[in-house]
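The values are calculated or read from the model by the stated rules, or taken from the named source; none is laboratory data. Remember, it's a predicted structure, so these values are computed and weren't measured experimentally. Here the Cβ positions follow ideal geometry from the backbone for every residue, glycine too, while neighbour counts run over all protein chains shown.
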Amino acid sequence: TIVPSQETHGCNGSLPSGERGRRKSRFALCRRNKANGVKPSTVHTSCTPQAAKAISNKEQHSISYTLSRAHTVVVEYTHDSNTDMFQIGRSTENPIDFVVTDTVPSGQSLTDAQTIQSTISRFACRIICQRNPPYSARIYAAGFDSSKNIFLGEKAAKWRMHDGHMDGLTTNGVLVMHPRQGFAQDSRPGVWREISVCGNVFTLRETRSAQQRGKMVDSECNQLVDGSLIDLCGATLLWRTAEGLAHTPTVKHLEALRQEFNAGRPQCPVGFNTLAFPSMRRKDVLDEKQPWAYLRCGHVHGYHSWGGRRAPEVEAECQDRECPMCRAQGPYVPLWLGCEPAFYVDAEGPTHAFVPCGHVCSEKTTAYWSQISLPHGTHAFHAACPFCIHPLRGDTGFVRLIFQSPLD
């Protein structure tokens, strides 16, 4: 049985470097053949031989909380036959099930040199899923390394809870946002929270890596729901449940919408040439029938170069241009269909475009994502296109497209 899956932002359905191994644009979490979940058991409050043994034993999961050079609290974790554990991070070591890398606005992965300065933790987080219905999934900050240990050093934010157990936060933190009213056409963004190593929920710190934790939110929990966003400080993941995906448009449905649009033979109002969205396999290759739009007003044209303008591949980077239909000045860009079905909140046609990237999808999908402030860097937030992660511009961040029907 396929249980919740997650989607990465920024690549419009596929990674620029290709899908391979544990580095993909989407992952499906399935019930493992053998349970590998763990749960906390013995707590060692001093540096006893048993604590040292738990840390050195590569068959024993443990979390170490270093309070000072002379004092470390070690929590042993024992096998849980009722859960499966999946780990996410930048590391390519075996304990990481899903390898994620930083996403930049262009949709291109960082170079090797840039990856060295990545803000994504090598062992960023872990998700614990129930092996039996209702397959609930809970997220925890930090993942176990190759020695099955999690170490929180002296400088990491950590504290002792009322029940005597320890808890803490990772350097750049794991943030989660649950949508209100589910992930559907009536969805509204929720509030960003930080998840601790033990899965408790907190308000955000002043900055991403501040020593002082936020306030604990007792009324909320770390259980993921359909449409939950997980931010790892450099990459944002979208969590979809199997039930939610069953009501989401498929790639075939998006292709049918593309063909239906093209069958209407929309025309350029100036050149009268027929426009058509290219196939999804050629989603990044400019076509001669490619629709272009003035994003200030939404008028759709074919590509044209007034006064000896530059080639189309350069044009998208040019300054704002004046629409010949209404004289509104704004970005003039090629339009691309949003190819990742999991980002859609409904199954309606491509009528609106994000500004200024030109990715096209349904009205309610653009409205939903334009309301979400995604974490950016270590302390900023901004709305962005989910298909390419480009920051949105304008009053709303999207525009209704105005197509010219054929005159014949």
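Condition (residue is at pLDDT below 95, of a type in the set (Phe, Trp, Tyr) and farther than 30 Å from residue 376 by Cβ) applied to segment 273-296: is it met by at least one residue? Looking through segment 273-296, none of the residues is at pLDDT below 95, of a type in the set (Phe, Trp, Tyr) and farther than 30 Å from residue 376 by Cβ.
Residue check: residue 358 meets all listed conditions (1) more than 17 Å from the chain's Cα centre (by Cα); (2) surrounded by fewer than 22 Cβ atoms within 10 Å (Cβ to Cβ) but one, namely (2). Within segment 262-275, residues that are assigned to a helix (DSSP H, G or I) reach partners that are surrounded by 13 or more Cβ atoms within 10 Å (Cβ to Cβ) with beta carbons closer than 9 Å, at six or more positions or on different chains, in the pairs 262/274; 262/275; 262/276; 262/277; 262/289. Taken over segment 341-354, the criterion of being closer than 20 Å to residue 188 by Cα and either part of a loop (DSSP other than H, G, I, E, B) or without any contact (Cβ under 8 Å) to a residue 60 or more places away in the chain (or both) is satisfied by 344, 345, 346, 347, 348, 352, 354. Each residue in segment 77-92 was checked for being hydroxyl-bearing (Ser, Thr, Tyr) and either assigned to a strand (DSSP E or B) or outside the structural domain of residue 135 (by TED's automatic domain parsing) (or both), and 3 of them qualify. With respect to the conditions (1) buried (at least 18 other Cβ atoms within 10 Å of the Cβ); (2) under 30 Å from residue 101 (Cβ atoms); (3) touching a residue at least 60 places away in the same chain (Cβ under 8 Å); (4) of a type outside the set (Ser, Thr, Tyr), residue 242 falls short on a single one, namely (1).
On inspection, residue 204 does not qualify as closer than 29 Å to residue 345 by Cβ, of a type outside the set (Asp, Glu) and either part of a strand (DSSP E or B) or outside the structural domain of residue 74 (by TED's automatic domain parsing) (or both). Scan segment 28-65 for residues that are under 32 Å from the mean Cα position of the chain (by Cα) and free of Cβ contacts under 8 Å to residues at least 40 places away in the same chain and the total you get is 4.
Scan segment 366-394 for residues that are aromatic (Phe, Trp, Tyr), under 22 Å from residue 348 (Cα atoms) and not in a loop (DSSP other than H, G, I, E, B) and jot them down. Can you show your working first?
So in segment 366-394, the residues aromatic (Phe, Trp, Tyr) come out as 368-369, 381, 387.
This time we only want the ones that are under 22 Å from residue 348 (Cα atoms), so: 368-369, 387.
Selection gives 368, 369.
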